[in-house]
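Just so you know, all these numbers are worked out from the coordinates, no wet-lab data involved. Treat the numbers as computed from the prediction; the structure is a model and nothing was measured. FYI the Cβ positions are ideal-geometry reconstructions off the backbone, even for glycines, and counts take in every protein chain you see.
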Amino acid sequence: GAVVSQHPSWVICKSGTSVKIECRSLDFQATTMFWYRQFPKQSLMLMATSNEGSKATYEQGVEKDKFLINHASLTLSTLTVTSAHPEDSSFYICSARAGEQFFGPGTRLTVL
Amino acid sequence: LAKTTQPISMDSYEGQEVNITCSHNNIATNDYITWYQQFPSQGPRFIIQGYKTKVTNEVASLFIPADRKSSTLSLPRVSLSDTAVYYCLVGATSGGSYIPTFGRGTSLIVHP
């Protein structure tokens, strides 16, 4: 089946720094990708819909200036957590559709 | 978007058949039902998808009654490695409007 990759798989950063997470569709093109955040023992929460060549659509309560999404090509979407704080520590997952939805392996962000 | 309701948790033993039911009372005509499996610190993995009646693949079966207001994921002869969280999602898989939204999921624990 189709493969979605994420990089890095984990990252630790200091409070106040920015972190970029990449999501790639490896063998298919995706005009739309989705970004989720998952806290321990909770479900995936949709953060935003990333659209190639246009602005992302953010879910209510998600700060677009803090979570910058760039979908510059049909195979790459990036999520930048700006001025990260400890409460941003979470598991971030992206997905893309190739017939069915495929999910990336996730990125564990820890903000100290 | 059709809201889904699942049991929060289930327990089983190795070798038993496990059935997880999902309610989706306001499912739309174009909506498909998709089940995912998620292990800790991993992205969700596609298990099975169906529209009506019964679908079977190498890992599971999906039973959907005629009114489509519920669905049941059946896992035959579970093993310890089937311990995971299982999510059912409902939505139209074609067209650009489908946004995969997760409910709370069912945490399945398989005991020796």
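Data overview
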quantity	calculated
Residue in the stretch B:66-86 that is surrounded by 14 or more Cβ atoms within 10 Å (Cβ to Cβ) and within 11 Å of chain A (Cβ to nearest Cβ) present	yes
The listed residue being farther than 22 Å from B:ILE47 by Cα and crowded, with 22+ Cβ neighbours inside 10 Å, out of A:LEU79, A:LEU74	A:LEU79
Residue satisfying all of: in the stretch B:4-55; more than 11 Å from chain A (Cβ to nearest Cβ) and at positive phi; nearest to the chain's Cα centre (by Cα) among these	B:THR53
Condition check for B:TYR87: of a type outside the set (A, V, I, L, M, F, W, C) and closer than 15 Å to B:ILE20 by Cβ	yes
Those residues of the stretch A:73-112 which are hydroxyl-bearing (Ser, Thr, Tyr) and either touching a residue at least 40 places away in the same chain (Cβ under 8 Å) or at the interface with chain B (Cβ under 8 Å from one of its Cβ atoms) (or both), in sequence order	A:THR75, A:SER77, A:THR78, A:THR80, A:THR82, A:SER83, A:SER90, A:TYR92, A:SER95, A:THR107, A:THR110
Scan of the stretch A:16-51 for residues that are surrounded by 12 or more Cβ atoms within 10 Å (Cβ to Cβ), more than 10 Å from every other protein chain (Cβ to nearest Cβ) and more than 19 Å from B:PRO44 (Cα to Cα), ordered by number	A:THR17, A:SER18, A:VAL19, A:LYS20
Restricting the stretch B:16-39 to residues that are assigned to a loop (DSSP other than H, G, I, E, B) and touching a strand residue (DSSP E or B) at 6+ places or on another chain (Cβ under 6 Å), the residue that is surrounded by the fewest Cβ atoms within 10 Å (Cβ to Cβ)	B:PHE39
